[in-house]
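Notes follow the structure.
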Amino acid sequence: MDFLRPASWEEALAAKAEHPTAVPIAGGTDVMVEINFDHRRPEYLLDLNRIGELSEWEVGRRSVRLGASVPYSAIMEHLRTELPGLALASHTVASPQIRNRGGVGGNLGTASPAGDAHPALLAAGCEVEAESVRGTRLIPIDAFYTGVKRNALEPDELIRAVHIRKADGPQQYSKVGTRNAMVIAVCAFGIALHPETRTVRTGIGSAAPTPVRAKEAEEFLNAALEEGGFWENGKIITPAIAKQFAALASGACNPIDDVRGTAKYRRHAVGIMARRTLGWTWEQYRGAGRTLEGAA
């Protein structure tokens, strides 16, 4: 196994173009586990740790440009207001040591359906900034996951950053595991209220071949909230609406039985998390006088 260690982003792109099979490594929290257990033996490792810009972020008017290597601990500490759902997800990632090393770029590159960041990214809405020597493109998160541990990156592309919409309403994240810490998700659920567009987005992890949105549940809830005038009057969401939303979220799953849980349990748990996180976010929205400032 050859170790490539570029000193700049341009050198990294050139190395990836010359060696398309090279596996990028920054935090190494996923890749090194696979290598240590001999599940993977790449011909080249592409170390990105010398490229400082990958660990930087920029808060814009409507979105946050998050470098691919920004650690989860930094998201928790500095971006809780702008990215509350992702900050909550970051809290559930492994241990403090892993949170100080791992970042969203690694989760996206690995594209494991159990990656903790995926439900929050889907719910918030974002674009993945991919770059090669041929140029830069933005990949919508809904088009990024293409299969089990597969993504839309071309062989010569690297993830440079993620452009995530700043929260304009409450966001929540929930995860089920076999214990409270240091655990891979049995399943996970993210939800984000977007009052500016009067829409709700969701994200489901570890309950389908790829991270997915519960689109039928979103469409049902968006219509119910609009027809009932909920966005304006801030009424409590009725149990019937919450129950149907949960059932549709559960129906969006396509899970498997494995050592962490059964398919039946995952569907059930996703429904429970959908109902609870909807209740939490809506209470925040109501309690804030339906403004983001009070919901943060």
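The values are calculated or read from the model by the stated rules, or taken from the named source; none is laboratory data. Predicted model only: the values in this text are computed from it and were never measured. Counting neighbours? That spans all protein chains shown, and the Cβs are built from the backbone with ideal geometry, glycine included. Just the protein is used for accessible areas: all its heavy atoms, side chains included, with ligands, DNA and RNA removed. Shrake-Rupley method; radii C 1.70, N 1.55, O 1.52, S 1.80 Å.
A few points about this structure:
- Test: residue in segment 241-248 that is part of a loop (DSSP other than H, G, I, E, B) and either closer than 18 Å to Leu86 by Cα or open to solvent by 50 Å² or more (accessible area, probe 1.4 Å) (or both): no
- Only one of the listed residues (Ala274, Ala263) is modelled with pLDDT of 95 or more and open to solvent by less than 10 Å² (accessible area, probe 1.4 Å). That residue is Ala274.
- Segment 1-46: number of residues that are touching a residue at least 60 places away in the same chain (Cβ under 8 Å), out of contact with any Leu (no Cβ under 7 Å at 6 or more places or on another chain), of a type in the set (A, V, I, L, M) and closer than 21 Å to Asn107 by Cα: 1
- Residue within segment 10-25 that is closer than 30 Å to Ile191 by Cβ and touching a Ser or Thr at 6+ places or on another chain (Cβ under 7 Å) present: no
- Output for segment 133-174, where each listed residue is assigned to a strand (DSSP E or B), touching a helix residue (DSSP H, G or I) at 6+ places or on another chain (Cβ under 6 Å) and not basic (Lys, Arg): Leu158, Ile159, Val162, Ile164, Gln171, Gln172, Tyr173, Ser174
- Residue match in segment 206-215 (condition: open to solvent by less than 70 Å² (accessible area, probe 1.4 Å), assigned to a helix (DSSP H, G or I), in contact with a helix residue (DSSP H, G or I) (Cβ under 8 Å, 6 or more places away or on another chain) and not hydroxyl-bearing (Ser, Thr, Tyr)): no
- Residue in segment 171-186 that is of a type in the set (D, E, K, R) and either under 12 Å from the mean Cα position of the chain (by Cα) or open to solvent by less than 50 Å² (accessible area, probe 1.4 Å) (or both) present: yes
- Selection of first residues in segment 256-282 that are under 24 Å from Pro170 (Cα atoms) and of second residues that are open to solvent by 90 Å² or more (accessible area, probe 1.4 Å), restricted to Cβ pairs under 8 Å at least 6 apart or on distinct chains, gives the following pairs, ordered by first then second residue: Arg275/Lys243; Trp282/Ile236.
- Residue match in segment 87-97 (condition: assigned to a helix (DSSP H, G or I) and out of contact with any helix residue (DSSP H, G or I) (no Cβ under 8 Å at 6 or more places or on another chain)): yes
- If you go through segment 39-83 and keep only what is in contact with a strand residue (DSSP E or B) (Cβ under 7 Å, 6 or more places away or on another chain) and of a type in the set (Lys, Arg), you end up with Arg62, Arg65.
- Qualifying positions in segment 51-74 - β-branched (Val, Ile, Thr) and either open to solvent by 60 Å² or more (accessible area, probe 1.4 Å) or in a strand (DSSP E or B) (or both): Val59, Val64
- Scanning segment 232-240 for residues that are closer than 18 Å to Gly169 by Cβ, surrounded by fewer than 17 Cβ atoms within 10 Å (Cβ to Cβ), under 22 Å from the mean Cα position of the chain (by Cα) and of a type outside the set (Val, Ile, Thr) turns up nothing.
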